[in-house]
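One structure is given below, encoded as structure tokens.
The values are calculated or read from the model by the stated rules, or taken from the named source; none is laboratory data. All values derive from a computational prediction rather than experimental measurement. Backbone-built Cβ (ideal geometry, glycine too); neighbour counts: all protein chains shown.
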Amino acid sequence: MKIQQFLDHHGVSANPFSEEDAQTDPVFKDHCIYSTHHPSWDKVYGDPAEPATSIVFGEKGSGKTALRLQIVRHLADYNRKHPNQRLFVIEYDDFNPFLDRFQERISIRARRSGQVVSQWKLWDHMDAILSLGVTQLVDRILEGPRPAGAAPADVGPIEIALLDRHQARDLLLLAACYDRSTAEAPRRRWHRLRRKLRFHTWRAQWPMALGVVVTAAVLGLIAGLQQWSWLATVWPYILIAAGWVPWLARATKWCWRASRIARQLRVIKRDVNPLRQVLMNFTVDQLVGQPLPQRERTDDRFELLVKFQGVLAGLGFTGVVVLVDRVDEPHLVNGSPERMRDLLWPMLDNKFLKHPGLGFKLLLPVELSYFIDREDRDFYQRARLDKQNMIPSLEWSGEALYDVANARLKACAANGRTPTLRDLFDDTVDDRRLISALRMLRVPRHLFKFLYRAFVAHSNAHTDENPSWKISGETFESVLALYQRDQDAFDRGMGAG
């Protein structure tokens with residue numbers, strides 16, 4: 001018999017256990033994202049009115065990505081209900097572009113020794129997060145295509161008229177350093193943003209205007225007096241060069257500063273000349289005392305983060321939420337717990353995690369929790385994990401997994417039907433045995449895989465002409481035993497799970 005034939009008999013229109021990843025699971029996204037939560041949900045989500053940091057450790061399949069998607073969806077609802085107190089959401093879950101660029105910038109010796117990730121610092125995380133946030137904000141202002149990884153929680157209009165001139169200056173300065181869109185040339189995109197913000201830069205063009213005027217005056221004088229012989233002397237050229245000296249001095253200064261910025265932004269690709277051309281659109285008084293990411297330190301980044309928050313506040317965003325997920329997936333990490341630790345540990349800084357108006361949701365692999373227990377006193381004093389709403393393990397009880405399975409069956413139920421997990425098994429599998437078995441599966445992903453295998457095994461054991469509408473205890477126990485063997489191999493890193 002067919003699986004769908006078995007499910008149709010119980011009033012289930014689609015297999016609720018065929019997907020294993022929340023990122024591509026339509027049942028979860030369309031039906032369970034609001035109704036099915038981990039018991040620790042309230043501690044992880046917190047109060048959007050006061051963004052706070054939470055650190056969650058969970059094994060593969062325990063629902064970390066599902067938590068991220070739920071946070072994004074709930075924050076979208078919060079933003080719709082509070083248009084003047086919205087939260088700006090940054091999904092920091094794709095590390096590959098930043099690590100690829102970072103790998104190009106460090107020494108060949110570190111690359112050859114496999115120590116790339118160990119060179120990562122806190123300011124690299126801050127540069128990556130600012131890059132994601134600034135690019136996302138500029139895209140929304142320019143009404144361009146939605147960037148990859150943009151959070152759907154960013155709802156509502158962007159009223160750029162609310163920004164004063166200083167905030168417009170700050171946004172343009174941030175865009176010059178951190179906008180990493182590849183949709184168009186950086187200089188052209190920056191000028192589009194400048195025109196959108198109605199930020200005039202004509203005062204910064206006087207050195208070039210002086211050079212053009214002096215050149216035109218010298219050549220006009222020669223042409224007007226018909227003194228073409230003067231072109232054979234050195235004086236016209238000295239005068240023209242003197243007119244261009246202020247522009248050349250300014251260009252040299254900004255070329256040097258742009259090269260320092262491009263060198264220090266190790267996780268973002270920045271070409272010196274386009275960056276220099278953009279920065280020369282600011283006057284001296286507009287940039288005096290302004291922070292730029294041109295040194296290996298966090299001080300400038302914290303100031304730039306405050307400026308970014310100031311721009312967002314002017315646009316109606318009272319806080320920023322950064323969602324960190326999929327730490328084990330980058331190719332330079334490749335699931336190595338040591339490399340995950342090297343990548344994440346710089347971020348565990350209380351000053352950063354408790355920055356006002358900024359809340360982090362760190363959804364981390366459970367392997368990292370073992371390193372937490374081995375750290376020294378200095379680490380604990382710097383990270384202050386006792387203040388970070390830490391959840392040591394995203395555990396699921398058998399009862400909780402039973403509720404998850406029933407919620408998914410209900411989501412896929414035909415009209416007027418209310419199927420339950422208990423209805424799918426015969427009387428030899430009582431409630432106590434069923435919940436006990438689910439407890440051994442530990443996480444939703446193993447639950448889904450096991451139930452799918454049970455459906456396959458039951459369907460293969462019967463024909464269409466002689467169907468059976470209950471999974472027997474024998475099939476249940478045999479599939480469970482085989483799955484536990486595969487689960488043990490997966491836990492040892494010797495199987496696919």
I want to confirm something. Restricting to the stretch 135-167 and keeping residues that are in contact with a Lys or Arg (Cβ under 8 Å, 6 or more places away or on another chain) and hydrophobic (A, V, I, L, M, F, W, C), which single residue is modelled with the lowest pLDDT?
ALA153
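Let's see how each residue does on (1) modelled with pLDDT under 90; (2) under 22 Å from ASN273 (Cα atoms); (3) loosely packed, with under 12 Cβ neighbours inside 10 Å; (4) touching a Lys or Arg at 6+ places or on another chain (Cβ under 9 Å):
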residue: CYS177; (1), (2), (3), (4): no, yes, no, yes
residue: ARG194; (1), (2), (3), (4): no, yes, no, no
residue: ILE222; (1), (2), (3), (4): yes, no, no, no
residue: LEU225; (1), (2), (3), (4): yes, no, yes, no
Only residues in the stretch 1-27 that are touching a residue at least 60 places away in the same chain (Cβ under 8 Å) count as the first member; pair them with residues that are surrounded by fewer than 16 Cβ atoms within 10 Å (Cβ to Cβ) and hydroxyl-bearing (Ser, Thr, Tyr), Cβ under 7 angstrom, at least 6 apart or cross-chain, and list the lot.
MET1/THR463
Wholly within the stretch 296-402, helices (runs of 4 or more DSSP H) carrying at least 1 residues that are hydrophobic (A, V, I, L, M, F, W, C) and free of Cβ contacts under 8 Å to residues at least 12 places away in the same chain:
299-314
Out of the residues in the stretch 455-472 that are among the aliphatic types (A, V, I, L, M) and farther than 12 Å from LEU7 by Cα, which is nearest to the chain's Cα centre (by Cα)?
ALA457
Over the stretch 435-474, the set of residues out of contact with any Leu (no Cβ under 7 Å at 6 or more places or on another chain), farther than 22 Å from PHE490 by Cα and surrounded by 19 or more Cβ atoms within 10 Å (Cβ to Cβ) is HIS458, SER459
Within the bounds of the stretch 269-276, is there any residue that is surrounded by 15 or more Cβ atoms within 10 Å (Cβ to Cβ), without any contact (Cβ under 8 Å) to a residue 60 or more places away in the chain and not small (Gly, Ala, Ser)?
yes
Restricting attention to the stretch 236-268, which residues are in a loop (DSSP other than H, G, I, E, B) and either surrounded by fewer than 17 Cβ atoms within 10 Å (Cβ to Cβ) or touching a Pro at 6+ places or on another chain (Cβ under 7 Å) (or both)?
LEU265
Six or more apart or on different chains, Cβ atoms under 8 Å: show the pairs whose first residue is in the stretch 226-255 and without any contact (Cβ under 8 Å) to a residue 40 or more places away in the chain and within 26 Å of ALA204 (Cβ to Cβ) and whose second is charged (D, E, K, R) and assigned to a helix (DSSP H, G or I).
ALA251/ARG276; TRP254/ARG276; CYS255/ARG276
Run ASP376 past the list (1) in contact with a strand residue (DSSP E or B) (Cβ under 9 Å, 6 or more places away or on another chain); (2) more than 24 Å from LYS64 (Cβ to Cβ) and report the number of the one that doesn't hold.
(1)
